[in-house]
Amino acid sequence: MILLRLIASLTLTILVVSPATAQLVSSVPEITAFDTPDDAGGSITVTWPPADHVPPATVYRIYLAESSAGPFHLAAEIDAGTSFQSEDTAVFGFAEENANRHFAHVKSYAGDNGESSTDMVTGRPYFVRLVVRSPSGELRGAVTTAVEAEQNYFKWSKLNNFLLGTVFSIIIMLSIALARRRELYIRRIPGLEAMDEALGRATEMGRAVLFIHGLRDMAQIPTIAAVNILSRVARRTADFDAKLRVTNVDPIVMSVSQETVKEAYLEAGRPDAFNPDDVFVVATDQFSYAAAVQGIMLRERPAAHIMMGGFFAEALLFAETGAQTGAIQIAGTDSYTQLPFFITTCDYTLMGEELYAASAYLSREPRLLGSLKGQDIGKAIFLVVLIAGVVLATLDVSFLSQAFTAR
Amino acid sequence: MIERLMNLDRRIIFLFVFAGVAVPLLMDFSFPIKPTDNVRAVYQQIEHVAAQKDGKVLISFSYGGGAAAELQPMARALLRHLFAREVEIVAISLWPDAVGLAQAALKGMADEAGRKYGTDYALMGFKPGNSVVILGMGQDFRGTFPTDNFGASTDTLAVTANVQSLADFDFVIDLAAGESIDHFWIPYGQERFKFPLAGGCTAVMAPDLFPFIQSGQLIGMIGGLAGAAEYETLIGHADKATSGMRPQSVTHIIIIAFIVLANVTFFLSRRRSANTTSHQDLA
Amino acid sequence: MIFLRRTFPLILAFVVGVIGILVFYVPHSVAQALERDLAKWFMIIAAFAYFLGLYSLMTLHWTRVRARQPGWGYSLVAYLSFAVMVVFIVYNDGHGPFHAQAEAGGYQWLYLNVYVPCTSSMFSILAFFIASAAYRTFRARSPEAALLLLAGLIVMLGRVPIGAYISDVIPDAAQWLMAVPNMAAKRGILLGVSLGAIATSLRIIFGIERAYLGGGEE
């Protein structure tokens, strides 16, 4: 789609000028009017440099008309010294000269009675005029040629976001493809290695393993990661013939967890050992859930507590109560604010991305390992950009930081 | 003795904490409260909105009964300020159990300031979906909230009659006990529709929001009961948050004292073990 | 059946996922209208999840009451509490269930005077648990732990007025700790977690990640 960019000819039109203002504003700046980019139409953008010798209380007025002969209606009023292009980087970018040009995005103009406003119509030609109004008089500029507001098909201001997202997605997909061909290294995650120890301990003591889901719903990433871990835990408890109890706060997560545990028991050849009542919703409210799970911990005394997912304030309630019972506790969360509580009260904690990496770590599936590798490559790129950006910004070279700025 | 201190019964600690909370509530003393820059920024933005004609603020209530002790005083202080400066308020809720709290705070502060429902403020109620509610409001406020919490059409309320989208608000404040500020309001609201946004949150969530203040996506933040007390200081009206600083200060001192005691006993225990080991070596 | 349980959800996830990404970059009114409609559909689905949660909870407690499982009395209390709230919702301060929510009435009273104090009390237990957890675990076992402990003490003092009362340096130091090293660490974790979320989202959209369908392996 072609943006219409029109430049008005510089015309000096003086309508009302008192002798005193002959030394003040002497000409109306040249304006540029074009379709506002990256929108759904109904808006045009007008830019102009500051007028010469601008006295205080000067305002710039933008007038619109559907015909070059008028009538013109007031569409915007900008105080001198305000509304510079540098304030809207999404449209104008980071050019230095933006600090010296005014702008106005115009979407409507005053009606015939001067009170109600009329929205601009997409596709209709409008004529624009700039008027400089100071306390001692008014100068009218020339009328531009017709400009139309149009619908746009792509937000060019989001191009950096789009390119980054595409590059990262390609890296992930390529890494997954690569992982199918060769084994990728993944470092030790102590919390996951301790899982077998915890489950074995529960089996020896003849006590249950309590798997506690977080508060987030099935659409959230940490819950998906938790379900993946649950699958491995269920497989192990089926192999060891240990009792597994799974608490949930969300019924959809419960349904998915039930299916997951059932499949795991089927794979282990122990379908008889699966009891759907062992995967249940205890409560749908945060603190009701906390109270219920604490009750289960204190009454039933499971030997191992595995807390995986997104947690909030109830995290410490779980972990501290569990610590009282002497159970071995393994927690994993991406909730930054709850990590300190888990770290101080649990035997092992999976922090942030370690939770996401857990399913790849436990299963060693190529597609999951590949995805993990892609994330690492993405992080490496960010590290390089961060260091380079800091060095360049220190030297007052800002193109890299601007390239990564969300506009 | 050292072993007993190392494994101190937690009920003794609970007793001290209980005393640290209960006793100061029954006494009357205070410490001067110095507002921080993040809280002051929220105050100044409201003053800026108040200086404009027909300033309008959207407050999102995203907390439940659990966090009410921290966030309800914050809400009251903000509403008191907004009503005093005659700024119009539209309230929504992203949590189902926040509606009752929002209603109580709005009614209480509106009655105190003599403000009228529908003209000066409105409660639009709860809508599920978090991010999609914000996206919906960003494009079409009336389509997302066709009626208020009490069934009145959005078109009939003076305070919402001219609101088409989030861009029509001069300031948006989210009072959050969960992740709604950084997970929903910033990526789906502020980044898309570029309105001034501030957050009020529980004290434990406050560290989460510092990167967004530094990047300018949040213009300010009120963190926890202490933040609410700072805001009450700025508006010159001490309320529950200010009185809550007494037990909070004392309890922090008690917890610090226990931590120091734990470390002293830890080092004494380590030294005793080292001495015992060296005696055994000599023997 | 396999098509409905496996293939169709995967196709739906792919189509909706791709559309959701594209509408972010396309400002055209058709894309914006699509985004508005998707948002409304999602709100309707999210609302249905509440009914699902209610059904699940009621079924769970009914099973416990019927089988007289240990603790079945609490399940009865859950049923009674639910019934009382429903009565007040239906009564709606005399306006009936088809009128919009009344401003006052039994429901609002129960909410403010029973539900809110109960949940606040549960939240307040954290104060006690933090104290006992801190006593048990905040020990300077290593130089790093000692540094962390010192930072924690400064922030604890700096965030309450008594810190400023003791010395003006304490709140300033606390603010610096929050705004500089804490923020740097938080930003690093945020970058990593966001990359992980993008990777997982891509796996879901392209059907590589299927845990949300239940059943483990495909």
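Residues of the range A:145-167 losing 10 Å² or more of accessible area relative to the isolated chain, 1.4 Å probe, heavy atoms only? Hits at the 10 Å² cut-off: A:Gln151, A:Asn152, A:Tyr153, A:Phe154, A:Lys155, A:Lys158, A:Asn161, A:Phe162. Report the extension gain between C:Val180 and C:Leu112 in nm, rounded to one decimal, defined as 0.36 nm multiplied by the number of residues separating them, less their alpha carbon distance. Result for the pair: 20.5 nm of gain on full extension.
Remark: spin-label model distance C:Leu54-A:Thr89 equals 4.8 nm, labels positioned 7 Å along the Cα→Cβ axis. Inter-chain Cβ neighbour count for B:54-61, averaged per residue, equals 0 (cutoff 10 Å, partner chain atoms only). Taking the convex hull of the alpha carbon positions in chain C and averaging its projected area over all directions gives 22.3 nm². For chain A, the C-alpha radius of gyration divided by 2.2 N^0.38 Å, with N the number of residues, is 1.51.
Among the protein heavy atoms, those of B:Asp37 account for about 120 Å² of accessible surface (1.4 Å probe, every chain in place). Heavy atoms of the protein chains alone define the surface here; on that basis the range C:140-208 has 48 Å² accessible area per residue at 1.4 Å probe size. Positive end of the dipole of the range A:90-129 (Cβ unit charges, origin at the Cα centre): among A:Phe103, A:Val121, A:Ala90, the Cα lying farthest that way belongs to A:Val121. Of the GluC sites (Glu not before Pro) in the range A:310-407, not one is in a loop by DSSP (not H, G, I, E or B) with at most 16 other beta carbons within 10 Å.
Of the solvent-accessible surface of chain B, computed with a 1.4 Å probe over protein heavy atoms with every protein chain present, carbon and sulfur atoms account for 57 percent.
For the range A:91-131, the list of GluC sites (Glu not before Pro) that fall in a loop by DSSP and count at most 13 other C-beta atoms within 10 angstrom reads A:Glu115.
Pairs A:Lys262/A:Lys379; A:Lys155/A:Lys379; B:Lys240/C:Lys40: which are spaced more than 32 Å apart, C-alpha to C-alpha?
Listed pairs above 32 Å: A:Lys262/A:Lys379; B:Lys240/C:Lys40.
Screening chain A for whole DSSP H helices with an alpha carbon extent of at least 18 angstrom along the helix axis and a mean Kyte-Doolittle hydropathy of at least -0.5 yields A:159-179, A:190-205, A:221-240, A:251-267, A:286-300, A:366-394.
Quote the FRET efficiency, to the nearest 0.05, computed for B:Gln52 versus A:Ile387 with a Förster distance R0 of 41 Å and r equal to the Cβ-Cβ distance.
It comes to 0.45.
Dipole orientation for the range B:37-237: of the candidates B:Leu101, B:Leu71, B:Ala226, B:Leu101 has the Cα lying most toward the positive pole (charges on Cβ; Lys, Arg +1; Asp, Glu -1).
Measuring heavy-atom accessible area with a 1.4 angstrom probe and counting protein chains only, the residues of the range C:1-49 that give up at least 40 Å² relative to the chain alone are C:Phe24, C:Tyr25, C:Pro27, C:His28, C:Glu35, C:Arg36, C:Ala39, C:Phe42, C:Met43. Toward the positive end of the charge dipole of the range A:305-407, with +1 on the Cβ of Lys and Arg and -1 on the Cβ of Asp and Glu, the farthest Cα among A:Leu369, A:Thr345, A:Ser359 is that of A:Leu369.
The Cα-based radius of gyration and maximum Cα-Cα distance (Dmax) for the range B:51-91 are 11.6, 37 Å. Taking every alpha-carbon pair under 8 Å whose residues sit at least 6 apart, chain A reaches a relative contact order of 15 percent. Compared with the direct C-alpha span, the chain from A:Leu395 to A:Ser67 gains 112.9 nm at full extension, assuming 0.36 nm per residue. Note that chain A presents 44 Å² accessible area per residue, ligands and nucleic acids not counted, probe 1.4 Å. Expressed as a whole percent, the accessible area of the range C:70-137 that falls on carbon and sulfur atoms is 75 (1.4 Å probe). When you count the other C-beta atoms within 10 angstrom of each residue and take the mean per peptide, C:121-132, C:89-100, A:321-332, A:169-180 line up highest first as A:321-332, C:121-132, A:169-180, C:89-100. Interface of A with C. Using a 1.4 Å probe and counting protein heavy atoms only, the two chains hide about 5100 Å² of accessible surface, both sides summed. Pairs of Cα atoms nearer than 8 Å and 6+ residues apart set the relative contact order; for chain C it is 17 percent. Counting only other chain Cβ atoms within 10 Å of each residue's Cβ, the peptide B:135-147 averages 3.
Net charge within 15 Å of B:Ala51 by Cβ-Cβ distance, Lys/Arg positive one each and Asp/Glu negative one each, not counting B:Ala51 itself? Mind showing how you got there, number by number?
On the way: positive: B:Lys53, B:Lys56, B:Arg85; negative: A:Asp79, B:Glu47, B:Asp54, B:Glu86, B:Glu88, B:Asp170.
Result for the local shell: -3.
Helix content alone sets the calculated 222 nm mean residue ellipticity of chain A: runs of n ≥ 4 DSSP H residues at -39500 (n - 2.57) each, divided across all residues, give -12500 deg cm²/dmol.
Based on a Kirkwood Rh over C-alpha pairs, give the Stokes-Einstein translational diffusion coefficient of the protein assembly as shown at 4 °C and viscosity 1.567 mPa s in µm²/s. After rounding, the answer is 42 µm²/s.
Output the direction-averaged projected area (hull surface divided by four) of the convex hull of the alpha-carbon atoms of the range B:128-245, in nm².
Across all orientations, the range B:128-245 yields a mean hull projection of 8.4 nm².
For A:Glu138, nonlocal amide neighbours, meaning residues 5 or more places apart or on other chains whose placed amide H falls under 5 Å from its own, are A:Val16.
Its Kirkwood hydrodynamic radius, worked out from the mean inverse distance over all distinct Cα pairs, puts the range C:70-137 at 14.6 Å. Compared with its chain on its own, the range A:287-304 contains the following residues whose accessible area drops by 50 Å² or more in the full protein assembly (probe 1.4 Å; ligands, DNA and RNA excluded): A:Phe287. Based on alpha-carbon atoms, the Kirkwood radius and the radius of gyration of the range B:91-153 give Rg/Rh equal to 0.99.
Ligands, DNA and RNA left out, the 1.4 Å accessible surface of the range A:179-315 is 45% carbon and sulfur atoms.
The value for the range B:19-151 of Rg(Cα) / (2.2 N^0.38 Å) is 1.18.
Kirkwood hydrodynamic radius of chain B, from the reciprocal of the average inverse Cα-Cα distance over all distinct pairs: 20.8 Å. Looking at the range B:69-155, the GluC sites (Glu not before Pro) that sit in a DSSP loop and have at most 16 other Cβ atoms within 10 Å of their own Cβ are B:Glu86.
Relative contact order of the range A:223-335: 24 percent, from C-alpha pairs under 8 Å at least 6 residues apart in sequence.
The residues of the range B:1-60 expose on average 62 square angstrom of accessible surface per residue, using a 1.4 Å probe on protein heavy atoms. Only helices reaching 15 angstrom along their own axis (Cα) with mean Kyte-Doolittle hydropathy no lower than -0.5 count here, and for the DSSP H runs of chain C these are C:8-25, C:29-66, C:72-91, C:116-137, C:143-158, C:183-205. Heavy-atom accessible area buried between chains B and C is around 5400 Å² (1.4 Å probe, both sides summed).
Take the Cα of A:Arg301, go 7 Å toward its beta carbon, and the backbone nitrogen atoms of the range A:179-209 under 16 Å from that spot belong to A:202-209.
The values are calculated or read from the model by the stated rules, or taken from the named source; none is laboratory data. The structure presented is a predicted model; accordingly, all values stated were derived computationally and were not measured. Cβ: placed from backbone, ideal geometry, glycine included. Neighbour counts: every protein chain shown. Heads up: the accessible areas ignore ligands, DNA and RNA and are worked out on the full protein's heavy atoms, side chains in. Shrake-Rupley method; radii C 1.70, N 1.55, O 1.52, S 1.80 Å.
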